[in-house]
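Below: one structure, written as structure tokens.
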Amino acid sequence: MSHDLYASWATSELAKILSDDPSGCFVNSDEIGEYSMFASRESGRIWPIPDGRISIELQNNTKYEIALEMKRTNEGLHGILTAIGQSQAYLDKGYSASAIVIPEKYDTFETPGDYIARVMNLVNPNLSVGVYSYQPPDSTAPNPFRSKIFCHRPIGINLSNNVQAGNFLAKEKANTQWAHLREGSSEPHAFFMYLQLAKKYSFSDISEPNITFPQELIDACNSLGNNRTMLKYLSNSVGDTFHDLAWRNFWFEYVFHQENTNIFNMNGSIYTVDDVETKLLKNDGSNEYKKYWSGRANSKKNTLVTKLNEGTISENQAWEKFAENVRNRAHSYREDIDSGLEHLGLIEPDGKPSQLGYKFVDACERSGDSHTGIPKLILGNALLNNGNLAAFLHYVHRISEEELRRNPLSFTKSDNNQRIDIDEYLSHIRNTMANDLKVLNTASLRGGAARKPFQAEIAILRKFDFVGKFRLGVGLEINWPLINEYMSFEV
């Protein structure tokens with residue numbers, strides 16, 4: 001098993017331990033009131049990067065973040081000393097606390113947990129660094145480290161040591177232990193085009209994109225109180241960093257490009273949709289391009305043209321609604337692109353491709369295809385390892401196996417014993433992950449959700465053939481031989 005997978009399991013179990021008994025986490029645990037606690041991950045690539053992360057939120061929205069440093073026996077005794085230093089570096093980075101998780105013993109050292117606890121007490125008895133040791137995990141269980149992690153030094157967070165405004169952690173919205181991905185946005189060709197553009201420019205020669213907007217769109221933005229340039233307003237970006245400029249060039253080159261800025265054409269007195277594609281390929285192997293504002297009855301241009309023909313809105317109103325939609329779409333799409341690339345380790349904090357990102361772009365350029373061959377292997381490997389979807393699949397598989405071993409007909413539809421109730425099945429997986437494994441933010445489940453559980457994760461995993469259909473007595477089919485092939489691919 002990989003180091004990252006071990007760390008995911010350990011972070012999950014530690015979150016469960018601390019959630020059940022917050023006295024091991026907070027100095028004044030009786031004062032914290034209601035709280036949510038779950039294992040998450042750091043999405044970016046700001047050094048130093050912890051092996052795991054536990055996010056805590058009190059009912060007054062005060063947040064605390066714990067960085068986890070995991071060591072395995074194959075790292076040797078020197079790992080004990082590096083863990084001591086790394087745990088303190090995470091505090092300097094802005095974490096509320098950190099936790100060291102090491103093997104229960106080494107062949108040449110019987111009590112590493114007690115040793116680290118002793119050293120940390122000498123350094124500073126009030127330092128918010130917990131020390132834990134573990135026995136070998138049971139990889140056949142949904143929670144491999146259940147009852148196998150032991151505390152040598154509690155974490156001891158002071159309530160005043162919360163995540164401060166301006167800290168990069170305060171801006172992150174992680175709700176799961178694996179990468180934030182969204183079907184329709186986190187796609188190979190979009191990643192390739194963005195990274196290729198970021199690769200092409202240097203920090204000194206990137207400039208604003210060159211695009212001419214219809215006067216009606218300019219007037220609409222002005223009437224909406226736009227106090228920025230059109231480029232910044234319609235791309236929903238305010239900065240002038242390389243990252244911001246790269247985004248604006250991508251948005252106006254490949255998505256809201258010159259030919260896509262009009263809403264309608266006139267056929268006599270009838271409004272017709274100006275039906276234009278983006279320059280991003282669909283992720284279905286069809287070699288066709290995606291459409292964002294037209295193509296379906298509920299697409300923005302289509303709905304506006306319908307209302308124009310009905311006479312229920314004016315042209316000015318249509319342009320204002322279009323401008324607002326473009327701006328909002330830019331915001332959500334940038335979040336998906338940025339977080340997807342960061343979670344998969346394809347981009348650096350400054351907006352340039354990472355080493356892995358360059359390898360992906362180079363492979364796409366050589367093959368002329370971002371969806372197959374080596375590019376697909378690189379992206380699939382990053383999805384499972386960097387994006388931590390391997391841990392997600394482990395949880396799904398073991399939770400399913402545990403329940404179906406008790407009752408092979410669990411999740412059977414009441415009207416037909418031969419069909420699986422997918423909604424009931426996925427709800428069980430989600431609730432077990434949230435309440436028992438602590439790898440989902442329980443607060444995100446309150447009030448229900450319009451989207452089905454794991455809709456994006458399953459859709460994206462299917463594109464790689466990592467998962468198949470839902471079957472009665474099995475649950476979600478998982479292609480473990482193919483997954484192992486991708487995980488072991490030498491990038």
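The values are calculated or read from the model by the stated rules, or taken from the named source; none is laboratory data. None of these values were measured; they are calculated from a predicted model. Positions of Cβ are backbone-derived with ideal geometry, glycine not excepted, and every protein chain shown enters the neighbour counts. For accessibility, only protein heavy atoms count, side chains too; no ligands or nucleic acids. Shrake-Rupley method; radii C 1.70, N 1.55, O 1.52, S 1.80 Å.
Quick rundown of the values:
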| quantity | calculated |
| --- | --- |
| Solvent exposure, largest accessible area first (probe 1.4 Å, DNA, RNA and ligands not counted), of Thr108, Thr303, Thr278 | Thr108, Thr303, Thr278 |
| Coordinate range along principal axes, alpha carbons of the range 154-262, Å, largest first | 62, 35, 33 |
| Segments 285-291, 456-462, 177-183 sorted - mean Cβ within 10 Å per residue, highest first | 177-183, 456-462, 285-291 |
| Solvent-accessible ranking of Ser29, Ser370, largest area first, probe 1.4 Å | Ser29, Ser370 |
| Glu490, Glu34, Glu485, reordered so the largest accessible area comes first (probe 1.4 Å) | Glu490, Glu34, Glu485 |
| Beta bridges per DSSP with both ends in the range 1-155, % antiparallel, nearest 5 | 60 |
| Protection-proxy order for peptides 373-380, 12-19, 80-87, each taking the mean of Cβ atoms within 10 Å per residue, highest first | 12-19, 373-380, 80-87 |
| Alpha carbon centroid spacing (whole Å) that separates the range 48-93 from the range 207-240 | 42 |
| Folded to 0 to 90 degrees: helix 3-20 orientation relative to the chain principal axis, Cα | 80 |
| Nonlocal amide H pairs with Phe38, under 5 Å, H built at 1.01 Å | Ser55 |
| Inverse of mean 1/r across different Cα pairs in the range 208-343, Kirkwood, Å | 15.7 |
| Candidates per trypsin sites (Lys or Arg not before Pro) in the range 78-123, loop by DSSP, up to 16 other Cβ within 10 Å | Lys105 |
| The range 144-188: C-alpha gyration tensor shape, a/c 1.5 cut-off, then a/b vs b/c | oblate |
| Antiparallel DSSP beta bridges within the range 92-169, as percent of all bridges there, nearest 5 | 45 |
| Share of carbon and sulfur in the accessible heavy-atom surface of the chain [1.4 Å probe, %] | 46 |
| Calculated [θ] (222 nm, deg cm²/dmol) that DSSP helices of n ≥ 4 give over the chain, each run adding -39,500 (n - 2.57) | -12500 deg cm²/dmol |
| Cα gyration tensor shape of the range 99-235, rounded if a/c is under 1.5, else prolate or oblate by comparing a/b with b/c | prolate |
| Nearest 10 degrees, 0 to 90: helix 373-384 Cα axis against the chain principal axis | 50 |
| Rounded to 5, percent antiparallel among DSSP beta bridges of the chain | 70 |
| Theoretical gain in end-to-end length, Glu485 to Phe109 [0.36 nm per residue, Cα-Cα removed] | 131.8 nm |
| P(r) histogram, all alpha-carbon pairs of the chain included - 10 Å bins from 0, percent | 4, 17, 25, 25, 18, 8, 3, 1, 0 |
| Three-way shape call for the range 298-443 based on the alpha-carbon gyration tensor, with the a/c threshold at 1.5 | oblate |
| Among the listed pairs Lys438/Lys463; Lys71/Lys171; Lys148/Lys438, those beyond 24 Å (Cα-Cα) | Lys438/Lys463; Lys71/Lys171 |
| Accessible solvent surface per residue of the range 88-171, calculated while the other protein chains remain in place, 1.4 angstrom probe, Å² | 47 |
| Top positive-direction residue, dipole computed over the range 341-491 with Cβ charges, set Thr442, Leu482, Gly357 | Thr442 |
